[in-house]
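Working notes, structure below.
The values are calculated or read from the model by the stated rules, or taken from the named source; none is laboratory data. These figures come from a predicted structure and were not determined experimentally. Because the Cβ atoms are built from the backbone with ideal geometry, glycine has one as well, and the counts that use them run over all protein chains shown. Ligands, DNA and RNA are excluded from the accessible area calculation, which covers all protein heavy atoms including side chains. Shrake-Rupley method; radii C 1.70, N 1.55, O 1.52, S 1.80 Å.
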Amino acid sequence: MAETNIAEFIQGLPKAELHVHIEGTLEPELLFELAERNRISLKYPTVEALRKAYSFSKLQDFLDIYYEGANVLQTEQDFYDLTWAYLNRAKAQGVVHTEVFFDPQTHTARGIEFATVITGISRALQDGQEKLGVTSRLIMCFLRHLVELSAFKTLEDALPFKHLIVGVGLDSSERGNPPSKFESVFAQARRLGFKVVAHAGEEGTEDYIREAIDLLKVDRIDHGNASVQCDYLLEELKDRRIPLTVCPLSNKALKVVGNMEEHPLKRMLHKGLIVTVNSDDPAYFGGYVNENYQAVADALLLNKKELAQLAMNSIVGSFLSDTDKQKYVLAIDEYCKTF
Ligand code: ADE
Ligand code: ZN
């Protein structure tokens with residue numbers, strides 16, 4: 001298929017996004033606008049200078065600049081504006097459903113109330129459903145570089161807003177902070193009825209994925225790149241139908257893969273895993289969900305059928321109801337027939 005045809009196919013393909021950090025959708029232009037609104041001075045004189053600083057050799061390089069960027073988020077309206085901007089971009093790319101991460105500890109550590117953060121994000125998600133027709137779920141991540149007690153405190157802060165949060169996740173600096181560090185708080189979250197996901201095997205080894213499955217009992221693995229190092233683990237992910245939320249442009253930007261041609265996504269897909277394509281932190285890694293589909297289509301020579309399977313997987317791997325999943329699976333089928 002010609003390149004423009006593939007781009008058009010990706011654009012119109014109904015899809016879900018299952019791995020996007022709302023703080024990672026903060027575009028430099030909005031960052032500057034919020035800094036001015038909140039009278040915060042920035043290290044960088046211009047949007048262009050800030051964008052130039054987005055050059056990373058590992059996960060921690062990115063996290064340092066990402067946490068610094070989040071400082072401009074102060075009021076409920078700031079969190080609303082951030083989320084609303086993301087939803088409009090997602091809608092424009094054919095995203096029908098999105099499952100959004102947020103990092104409450106990044107904000108509560110700066111004295112911003114948990115309520116301020118979640119009310120702003122949720123109000124935008126509600127408007128996204130009503131005005132754009134994009135459905136959503138919210139997932140609260142614990143920062144793994146902090147102690148488990150801080151995660152417990154965050155879980156407690158979340159309880160008055162439990163109806164707004166579908167699940168908990170685990171993100172931030174992976175190496176040296178294994179899933180086992182958070183076994184108790186994840187058990188508590190599961191008892192409370194939350195779904196559970198965790199970043200694992202992004203920079204960490206396959207052992208981190210194993211711990212996430214066995215100790216945290218995750219419903220999904222975020223990233224999971226290291227799973228290809230172990231055939232037995234790949235079989236288990238397949239047999240237990242544990243989806244992977246893979247983020248190609250993120251992996252390239254953070255040097256998890258040397259180049260996109262080496263990306264394990266196609267191997268995972270052909271093994272029969274429920275592998276999905278996502279943007280992670282699109283404002284920092286050079287693209288939203290469609291740019292991620294396009295990057296793997298180009299580098300791994302994915303055809304229309306493989307791209308449609310990735311979109312199907314995003315629906316199947318989501319936390320939507322079975323009825324909604326069926327509706328979107330049919331929509332993808334129809335789209336493929338008529339394209
Ligand atoms: N927080 C935001 N993006 C992340 C990533 N790619 N890995 C771990 N933590 C993150
Ligand atoms: Zn992530």
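Across the options GLY317, LEU302, THR108, the greatest Cα extent toward the positive end of the charge dipole of the chain (unit charges at beta carbon of Lys, Arg, Asp, Glu) belongs to GLY317. Which entries of LYS52/LYS271; LYS91/LYS195; LYS43/LYS153; LYS131/LYS153 have Cα-Cα distances beyond 28 Å here? Over 28 Å Cα-Cα: LYS52/LYS271; LYS43/LYS153; LYS131/LYS153.
Computed extension gain for VAL47 through ALA187, at 0.36 nm per residue and net of the alpha carbon distance, reaches 46.1 nm.
Rounded to the nearest 20 debye, the dipole size of region 1-151 about its Cα centre is 80 debye, using +1 on the Cβ of Lys and Arg and -1 on the Cβ of Asp and Glu. Each residue of region 129-143 was assigned a 3J(HN,Hα) from its phi angle through the Karplus curve 6.51 cos²θ - 1.76 cosθ + 1.60 (θ = phi - 60°); the sequence is 5, 6, 9, 10, x, 9, 7, 7, 9, 10, 10, 8, 9, 8, 7 Hz, with glycine and proline shown as x. Looking at region 131-250, the pairs of alpha carbons with a distance over 24 Å make up 26% of the total. Carbon-plus-sulfur fraction of the accessible area of region 128-179, 1.4 Å probe, in percent? Ligands and nucleic acids excluded, carbon and sulfur reach 57 percent. For the chain, a Gaussian network of Cα nodes joined below 10 Å ranks LYS305, LYS15, LYS43 by mean-square fluctuation, and the top entry is LYS43.
Diffusion coefficient (Stokes-Einstein, Kirkwood radius over C-alpha pairs, 4 °C, 1.567 mPa s) for region 16-333: 66 µm²/s, rounded to a whole number.
Applying 0.36 nm per residue to the separation of ASP298 and GLU261 and subtracting their alpha-carbon distance, the gain on full extension is 12.4 nm. Would you mind calculating the gained length between GLN60 and ALA7 on full extension (0.36 nm times residue separation, minus the Cα-Cα distance), in nm to one decimal? So the chain would gain 15.8 nm between GLN60 and ALA7. Using only Cα positions of region 216-280, each an equal point scatterer, no hydration layer, compute I(q)/I(0) via Debye at q = 0.16 Å⁻¹ and quote the log10 values to two decimals. Scattering profile of region 216-280, log10 relative to I(0): -0.48. Region 272-309 and region 92-155 have Cα centres lying 23 Å from one another.
For the residues ILE65, ILE165, ILE221, a GNM of the chain with alpha-carbon springs under 10 Å puts the largest fluctuation on ILE65.
Magnitude of the charge dipole for the chain, about its Cα centre and with charges confined to Cβ atoms of Lys, Arg (+1) and Asp, Glu (-1), is about 500 debye.
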